[in-house]
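Step one of this worksheet: look at the structure below.
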Amino acid sequence: MFKKLPVVLVAATLLVTSLGDSHTSLAGTCASNCGPRPLQFTPGQRIRLEVVNNTSNIVELERIQGYRPISLRPGQKLQFSQEDNTGQNLSLVFWDEAGSALQAVVSKPNLATLRVEIRPTWRYPGDRSIYILNDGRVSVF
């Protein structure tokens, strides 16, 4: 009796899975559908941060390391450059003065520039900060 139990369980499992979903999907490699590569700079590289307000409202920007908030008018572009090469992480927090949700679209137009386009979005609460780690990785939160 106990010798037939594993065979019955395997048969039942195959029957149930074949009845459930007729569309079988196979696991592929990352090369088949990876998505875009994460944005990254060379660790220790001095970069220029360019922020563009592509919304119709005023966006406030604040660097975490003791700076006062800066107002960015619609269509305005602002550039920050790293003052030192100490390897510290760089954080930038942003918010819409009217309370609307925002989306940060990051790109790397050249080897030493990180462009952040701030756009309106329907996703609430949206993006609120950019974090540039000292190992060169860029994260959007």
Area of Ile70 that stays accessible when all protein chains are in place (1.4 Å probe, Å², to 10): 60 Å²
Largest-first ordering by accessible area, 1.4 Å probe, given options Trp95, Trp122: Trp122, Trp95
Under 5 Å, built H, 5+ apart or other chain: amide partners of Leu39: Val138
Accessible heavy-atom area order of Glu62, Glu97, Glu50, highest first, probe of 1.4 Å: Glu97, Glu62, Glu50
Label-to-label distance, nm, for residues given as Trp122 and Ile58 (7 Å Cα→Cβ offset): 2.9 nm
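The values are calculated or read from the model by the stated rules, or taken from the named source; none is laboratory data. Quick caveat: nothing in here was measured; it's all calculated off a predicted structure. Cβ coordinates were reconstructed from backbone atoms using ideal geometry, including for glycine residues, and neighbour counts include every protein chain displayed. Calculation scope for accessible area: heavy atoms of the full protein, side chains included, ligands and nucleic acids excluded. Shrake-Rupley method; radii C 1.70, N 1.55, O 1.52, S 1.80 Å.
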